[in-house]
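Taking it in order: structure first as structure tokens, then the write-up.
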Amino acid sequence: MGFLMTPDYTMVTLASAIAVLRIANRMTGRPLYRWTCVTLDGAPVESSDGLRIVPDGDIDSLGPVDILFVCGGYHVEKHCDRRLLDTLRGLARRGATFGALCTGTHLLAAAGLMDGYRCAIHWENLPALRERFPRVQASSRLFEIDRDRYTCSGGISSIDLMVRIVGAAHGQELAQNISEQIIVERIRTEQDAQRTPLHHLPGAANHDKLVDAVALMEANVEEPLTLGEVASYLTVSPRQLERLFREYLHCTPSRYYLDVRLRQARLLLLQTGLSIAAIASRCGFSTPARFAKSYSARYGRRPSDERRATA
């Protein structure tokens, strides 16, 4: 396995991936896996937590690998430089199989190497990926394996991806033993989602109608549903829905829905070059002025000021 570290990559995701391979070797007593960490030019790059790993070399010294994982993290859009993308395209022409950890998926997509593939990326980066690369089939799952592409969403989801790879090659008993060794309570699969709505709120996750209502809102941002439409889809009364939101989320459904749309707008504002008018439209606001007013009330500054502050 090869791991290409890019600036601001997520250390925990890389370390978790390698840990699974190391434990597979130790538990079997055989060198099932070898791994090499490289950077584009061979110089150390800083991870998102400020740590630096001395790489084994540059990308040209890597040699043949079964899978080359591109390791991304924060501010990934700033690291899509031409040299990196050209290097990835050159490796693809030579038949490389690619993986991506966290936002490394964005870098593969920017190189044109994810068109027509299912893939996973961290949920914060999902709206921007879908907006910038419409030919990529981005999902909200923990990880995706589609032909010769292996992608995971970040955090410790690399454990799940690597356990899946090890299990496919060497059996589910080894995969289960690795999970127990690394103290993971269960093996998660491609069907698991990155986020479970309201799971962190005591009691709320036990109300299916409330969870389903939130999921509907998150899936219908560009053309918001009315309260009556949400209630109708869930076969409950608007009054019952109002009661659930007030009891568990301490707000009205419309207030919660507005926050869902504003959070989506903020991600697009910070991660894409879309105009403010386009973002307003994609997040269900009838005019940029209405969007700016709602955004200012929620975040304390106008969308244009937000973008300038993070430029």
Residue in segment 144-155 that is assigned to a loop (DSSP other than H, G, I, E, B), touching a strand residue (DSSP E or B) at 6+ places or on another chain (Cβ under 6 Å) and closer than 25 Å to I279 by Cα present: yes
Verdict on G63 being in contact with a Gly (Cβ under 9 Å, 6 or more places away or on another chain) and either in a loop (DSSP other than H, G, I, E, B) or not assigned by TED's automatic domain parsing to the domain that holds P44 (or both): yes
Test: E247 is part of a helix (DSSP H, G or I), without any contact (Cβ under 8 Å) to a residue 24 or more places away in the chain, surrounded by fewer than 13 Cβ atoms within 10 Å (Cβ to Cβ) and not polar (S, T, N, Q): yes
Filtered residue count, segment 140-182, keeping only those that are within 13 Å of A193 (Cα to Cα), touching a Cys at 6+ places or on another chain (Cβ under 9 Å) and hydroxyl-bearing (S, T, Y): 2
Matching residues in segment 101-122 - criterion: being out of contact with any helix residue (DSSP H, G or I) (no Cβ under 9 Å at 6 or more places or on another chain) and on the phi < 0 side of the Ramachandran plot: R118
Output for segment 77-123, where each listed residue is in contact with a Phe, Trp or Tyr (Cβ under 9 Å, 6 or more places away or on another chain), among the hydrophobic types (A, V, I, L, M, F, W, C) and either outside the structural domain of D8 (by TED's automatic domain parsing) or assigned to a helix (DSSP H, G or I) (or both): L88, L91, A92, L108, A109, A110
Test: residue in segment 131-143 that is assigned to a loop (DSSP other than H, G, I, E, B) and closer than 15 Å to T189 by Cβ: yes
Looking only at segment 124-181, and only at residues there that are surrounded by fewer than 16 Cβ atoms within 10 Å (Cβ to Cβ) and aliphatic (A, V, I, L, M), the one that is farthest from R282 (Cα to Cα): A169
Filter pass, A277 being surrounded by fewer than 17 Cβ atoms within 10 Å (Cβ to Cβ) and part of a helix (DSSP H, G or I): yes
Any hit, segment 40-54, residues being assigned to a helix (DSSP H, G or I) and either surrounded by fewer than 16 Cβ atoms within 10 Å (Cβ to Cβ) or touching a residue at least 24 places away in the same chain (Cβ under 8 Å) (or both): no
Residue within segment 8-27 that is over 24 Å from A175 (Cβ atoms), in a loop (DSSP other than H, G, I, E, B) and touching a helix residue (DSSP H, G or I) at 6+ places or on another chain (Cβ under 9 Å) present: yes
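The values are calculated or read from the model by the stated rules, or taken from the named source; none is laboratory data. Keep in mind the model is a prediction, meaning the values are calculated, not measured. When we count neighbours, we look across all protein chains shown, and the Cβ atoms used for this are built from the backbone with ideal geometry, even at glycine.
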